[in-house]
Amino acid sequence: MIRNSERHPSRRALLALGGAGALSAAAVPLATGAAAAATSRTTDTAAPRPTGAAPFRTAAPAASRAAAAAAPPAPGSALLVDSPRLDLNSPAENWIREKATKDLTIIQSFGYDNANGHLYLLQVTPGGLRLDGESAPVSAVDRSVHGDLTLTKWDLSGEVLGHMYLRGFGHGMNIGVEPVGGSAYLWTEVDAVPLHAAPPNENSSRGTRLARFPFTDGKVLDSTDPGLTKHTPVPGSTTNTATVDPVYGRLAVRYVDKDGRTKYQVHDLDLARLGIWSTPLATIDEPKPHAVPGWPLSTYGTPYFQGYAVVGRYLYMLHGNAYGDTQEINGETVVISRPGVGNTFLSAVDLTTGAFAPAPRSPFNAHVNPCYTAAANSLIHREPEGLGVRVPDPARPGVFSIGIGFAGGEKGERTATIYGKSGLIAPS
C-alpha cells in the first residue's frame with residue numbers, strides 16, 4: 001500500500017524543495033498571470049475556477065535540490081524562497097454566505113484549521129451577557145473597551161460547532177490557527193488596553209502581546225489566567241497580532257515597534273511555539289495602499305486595514321470600509337465606500353523586499369496591486385473583515401486559496417460571509 005505521505009510530499013518536504021520544486025512536486029496547476037492585467041472579473045456571483053492553466057513543470061533537478069539542502073541556511077529573508085503568488089484578480093467564489101456566528105456582532109477575523117476542516121472566527125462580545133464570574137450583564141461599550149471577544153468554531157459550511165469567550169484580549173484584529181491532533185491552538189492578541197482614538201474607534205481596545213491556547217468549547221478564558229501562554233516577539237512592541245502560514249509552517253506577526261511604526265516579522269512556527277523569536281525570517285515595514293502613486297483618494301479615501309495572511313514569500317493585506325463610511329478629504333465629506341461598490345482592496349507584498357508585488361501600475365490601475373474586489377457587493381451591510389488561507393486537500397499543501405471575510409446583516413443580527421480566490425501564479 002502506498003501511503004499518502006509517499007504520494008504527496010509533506011509540508012517539511014515541500015520546504016526542503018523550495019518554491020518551484022515544492023509546487024511541482026505537489027502537482028499544482030498554476031495560472032500564467034495574464035489575468036492580473038485583464039479587466040476585473042471579481043463579481044458578487046460565484047465564479048468558476050480558472051481553466052486552461054498550464055501545469056507548472058519547472059522543478060529543480062534532483063542534484064540541484066540535494067546541493068541546496070546540503071548548503072548552510074542563509075540568514076533572514078534569504079530563507080524565504082520564491083513561492084506561488086495569489087492572482088489578486090482571479091474570480092471571487094462564494095464559499096459561505098450570510099451565516100450566523102455564536103454572537104451576532106461584526107466578525108473581525110477568521111482562520112482555517114485545514115487539517116480538521118474547521119474555521120475559527122473572532123468578534124467583540126455583545127452587550128447584555130453575564131458570563132461566569134460576572135455579577136451582572138456587561139454593556140457593549142464595556143465589553144469593547146475591556147477587550148472581550150467571542151470565538152466561534154464553524155464547519156466548512158458555516159454551521160456553528162462550538163465557542164469560547166476571551167476576556168481582556170483585544171479587538172480580534174487577526175487570528176492564527178495551528179492544528180494539533182483533532183483540534184487546534186489559537187494565536188491571538190491579549191492583554192487589552194483601551195484605544196484612545198477618534199470616533200468610531202473611541203470605545204475600543206487592542207491587545208499588546210500574543211497568546212497561544214487550545215480551543216475548549218464553552219470555556220471562558222481570562223487574559224489573567226496563570227496557565228495562559230503569552231509572548232512578546234519583539235521587545236518593546238505592542239499591538240501584536242498573528243497569522244499562521246499553513247503551507248510553509250510559519251507564524252507571521254504584525255506589531256507596532258517602539259518608534260510607532262507598524263511592521264511584520266515572519267518566524268518558523270516550531271520555534272515560535274517554543275518562544276524563540278531571535279531568528280526572524282523576514283522583517284518589513286507595512287506598506288500603505290493609499291501611498292501608492294496615483295491612488296484615487298477622492299474616490300476610495302484611506303481604506304481601513306482589515307486583516308492579513310501569509311503564504312510563503314508573500315504577505316496579503318485586506319483594506320476597506322463598511323458601506324456608507326465617509327472621510328474628510330480636501331475639506332469635503334466624501335462617501336468612500338458607496339453601497340454596491342465599496343472600497344475593498346486586496347494586496348500582495350514581497351516579504352524579502354517589503355514592496356508590493358507585482359508593482360503597482362503607473363498610472364494607477366485598480367485591478368493590479370492593490371487590487372479592487374467587488375466580491376459580495378450585494379450585501380446590504382458589507383464590511384471587509386479578515387483573510388484566511390484555505391488548503392482544500394491537506395495531502396496537496398501547495399494548492400491553496402485565500403478567503404476574504406465580510407460582515408453583513410443589520411445591527412444586532414450580523415452575519416458572516418466568505419468569498420475566496422484560488423488562482424495561483426508560478427514563481428518566475
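Here are the numbers:
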item	result
Global form of the stretch 145-205, assessed from the alpha-carbon gyration tensor, a/c cut-off 1.5	prolate
Table column - 3J(HN,Hα) (Hz), the stretch 163-172, Karplus curve with 6.51, -1.76, 1.60, x for Gly and Pro	7, 9, 10, 10, 9, x, 9, x, 9, x
Global form of the stretch 327-417, assessed from the alpha-carbon gyration tensor, a/c cut-off 1.5	oblate
The stretch 295-420, accessible surface, carbon-and-sulfur percent (1.4 angstrom probe)	49 percent
For the stretch 356-428, accessible area per residue (1.4 Å probe, heavy atoms of protein chains only), Å²	32 Å²
Whole-number percent relative contact order across the stretch 135-195, with pairs defined as alpha carbons under 8 Å at least 6 apart	31 percent
Exceeding the 20 Å Cα-Cα cut-off - candidates 99/219; 153/421; 102/219	99/219; 153/421
The stretch 138-293 - share of DSSP beta bridges that are antiparallel (%, nearest 5)	95 percent
Carbon plus sulfur fraction of accessible area for the stretch 193-264, probe 1.4 Å, in percent	50 percent
Theoretical gain in end-to-end length, residue 341 to residue 428 [0.36 nm per residue, Cα-Cα removed]	28.0 nm
Whole-number accessible area per residue in Å² for the stretch 101-168, which is evaluated in the context of all protein chains at 1.4 Å	35 Å²
Phi to ³J(HN,Hα) by Karplus 6.51 cos²θ - 1.76 cosθ + 1.60 over the stretch 412-418, Hz, x for Gly, Pro	x, 9, 5, 10, 10, 10, 10
Residue-normalised accessible area of the stretch 174-246, expressed per residue, 1.4 Å probe, Å²	40 Å²
Cβ crowding within 10 Å averaged over residues, with 281-288, 269-276 ranked highest first	281-288, 269-276
Relative contact order (%) - the stretch 210-256, alpha-carbon pairs under 8 angstrom, separation at least six	32 percent
Anisotropy class of the stretch 140-286 from Cα gyration tensor, a/c 1.5 cut	oblate
Dipole of the stretch 236-339, positive direction: furthest Cα of 323, 242, 295, with charges on the beta-carbon	242
Heavy-atom SASA rank of 333, 417, 216 (probe 1.4 Å, accessible area, largest first)	333, 216, 417
Highest average packing first - 317-328, 384-395, Cβ atoms within 10 Å	384-395, 317-328
Label-to-label distance, nm, for residues given as residue 159 and residue 130 (7 Å Cα→Cβ offset)	3.3 nm
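The values are calculated or read from the model by the stated rules, or taken from the named source; none is laboratory data. None of the values given here were measured: they were computed from a predicted structure. No Cβ is skipped: glycine too gets one built from the backbone with ideal geometry, and neighbour counts run over all protein chains shown. Side chains are part of the model used for accessible areas, which takes the heavy atoms of the whole protein and leaves out ligands, DNA and RNA. Shrake-Rupley method; radii C 1.70, N 1.55, O 1.52, S 1.80 Å.
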